[in-house]
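**Student:** First the structure, which I've put down as C-alpha cells, then a few questions once you've had a look.
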Amino acid sequence: MSKKPIKKYFILGVLFFLPVVFLLMLYPSTNNYNVLDVVKEDVLDISNLTSVTNSDIALKDHITVLGFLGSDPESKIVEASNLKELVYNKFKGFKKFQIVMLVTLDAQDKTSRLIQELNKYSEHKYWHFVYASDSDINKLFNSLRSSLQLDANLSTSGVFVIDKDLNQRGRLDDRTKKEVEKETQVYPLTAYDCSEVSIIKNKMAAEDMRVLLEEYRKSGRNKVDSSNRRAKDLNPNKETDE
C-alpha cells in the first residue's frame, strides 16, 4: 500500500475520533455539577411579617432576589437600574423567578416614582415592592447572613438570593485563584453589591444565578425551556406546578 492512502485514512480517523474524545472529556464536567452554596437556612418569609400590606407576595417556592430600599427608594435608582439591566431582564423568563424589594410604609410616593422610572420601556411584572414596618424590615434583614448593615433609611446596596426552600444562597468561599494560591483566609459572599456593575454582571448574573437555575433544571424542579417559561402567562386560567 502506498503512503498516500495511509495518510488519507489516518487523517479521516483523526477527524472521526477527535469529536468523540472531546465529548468524553466534556462528560465528567457536566455530571460533576456544582450547586450554589447555602450560606444560611430558614430565612424569614414575608408572609410571617405582620405589617405588610401586600402579603400575597412570598419568598417560599420562588427564586428571589431580595433587596432593601427602605424609606428613600429613589436614592437607589442606580442600583435598581443595574439590577434591572443585568439580572431582571436576563432571568425574567424563568418561572418562579422574582425580585422583591422591602420599603417602609411611608415611602409609597417615592416608590411609585421609582416604579415609573423602571417601567419606562416595559412593565416589570415579576418585580415586587413590599411595604412593611421598620421593625419587620429589620426582622427580615436579621434573618439573613450578612456583614452588611441597614443604613439610617433602612436600605442597603446589597441584594440577597433566596431559593424556593427559604435558603440564602451565595458562596462560602469567594476567594480568587490567586488568593487560594496565597492561602488567604476563606471569606464568603452572602450579598451582591448592586452599585458594583462587575459584581452584578460577572458574579451574580453570569455565574451564581445561572448555576442556581441550572440546579433546579437538573433536579427537574424548574423547567426552563421556552415551552415551560411563565406558562400561566400564556394561559392565565392554568397554573403549572413545579
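The values are calculated or read from the model by the stated rules, or taken from the named source; none is laboratory data. Just so it is clear, the model here is predicted, and its values are computed rather than measured. Note that we place each Cβ from the backbone using ideal geometry, even for glycine, and neighbour counts take in every protein chain shown. For accessibility, only protein heavy atoms count, side chains too; no ligands or nucleic acids. Shrake-Rupley method; radii C 1.70, N 1.55, O 1.52, S 1.80 Å.
**Student:** If you plug each phi of segment 156-173 into the Karplus form 6.51 cos²θ - 1.76 cosθ + 1.60 with θ = phi - 60°, what whole-Hz ³J(HN,Hα) values come out, in order, with x for Gly and Pro?
**Tutor:** For segment 156-173, the Karplus-derived couplings read 8, 7, x, 10, 10, 9, 10, 8, 5, 9, 6, 9, 7, 10, x, 10, 6, 9 Hz, x marking Gly and Pro.
**Student:** Separate question: If amide hydrogens are placed 1.01 Å from N in the peptide plane, which non-local residues have theirs closer than 5 Å to the one on Ile63?
**Tutor:** Phe97, Gln98
**Student:** Here is a follow-up. Scan around Asp37 for amide H atoms under 5 Å from its own, H built in the peptide plane at 1.01 Å from N, and keep only partners 5 or more places away or cross-chain.
**Tutor:** HN-HN under 5 Å from Asp37: Gly170, Leu172.
**Student:** Hey, another quick one. Just name one of Leu69, Tyr88, Met101: the one whose Cα is farthest towards the positive end of the charge dipole of segment 64-103 (beta-carbon charges, Lys/Arg +1, Asp/Glu -1).
**Tutor:** After comparing all options, I get Tyr88.
**Student:** Karplus couplings for segment 74-81 from phi (6.51 cos²θ - 1.76 cosθ + 1.60, θ = phi - 60°), rounded to Hz, Gly and Pro as x?
**Tutor:** 4, 6, 10, 5, 5, 4, 5, 5
**Student:** Ok, one more. Can you run phi through the Karplus equation (6.51, -1.76, 1.60; θ = phi - 60°) for segment 91-96 and list ³J(HN,Hα) in whole Hz, with x for Gly and Pro?
**Tutor:** 10, 5, x, 7, 4, 6
**Student:** Evaluate E = 1/(1 + (r/R0)^6) for Ser122 and Glu179, where r is the Cβ-Cβ distance and R0 equals 41 Å; express this FRET efficiency to the nearest 0.05. Display every interim value, and only then the final one.
**Tutor:** Values: r = 40 Å, r/R0 = 0.97.
Efficiency computed from Cβ-Cβ geometry: 0.55.
**Student:** Nearest 20 debye, what's the magnitude of the dipole of segment 38-173 about its Cα centre given +1 on Lys and Arg Cβ and -1 on Asp and Glu Cβ? Walk me through the numbers before you get to the answer.
**Tutor:** Values: 17 positive and 19 negative charges, 109 e Å.
With Lys and Arg at +1 and Asp and Glu at -1, about 520 debye.
**Student:** Hey, another quick one. If r is the Cβ-Cβ distance from Ser133 to Ile77 and R0 is 22 Å, what FRET efficiency results, to the nearest 0.05? Could the numbers behind the result be given before it?
**Tutor:** Values: r = 24 Å, r/R0 = 1.09.
Efficiency, from the Cβ-Cβ distance: 0.35.
**Student:** Looking at segment 20-165, how many pairs of lysines come closer than 13 Å at the Cα, when each pair is eight or more places apart or spans two chains?
**Tutor:** The result is 12.
**Student:** In what sequence, largest accessible area first, do Thr184, Thr111 appear using a 1.4 Å probe? Please list the in-between numbers first.
**Tutor:** Working: Thr184 50, Thr111 0 Å².
Accessible-area ranking of Thr184, Thr111, largest first: Thr184, Thr111.
**Student:** Mean 1/r over all different Cα pairs, inverted: what Kirkwood radius does segment 115-161 give, in Å? Can you show the working numbers first?
**Tutor:** Details: mean 1/r = 0.0784 Å⁻¹.
Averaging 1/r across every pair of different Cα atoms and inverting gives 12.7 Å.
**Student:** Using heavy-atom solvent-accessible surface (probe 1.4 Å) with all chains present, what is the largest-first order of Tyr187, Tyr126?
**Tutor:** Working: Tyr187 75, Tyr126 35 Å².
Largest to smallest exposure gives the sequence Tyr187, Tyr126.
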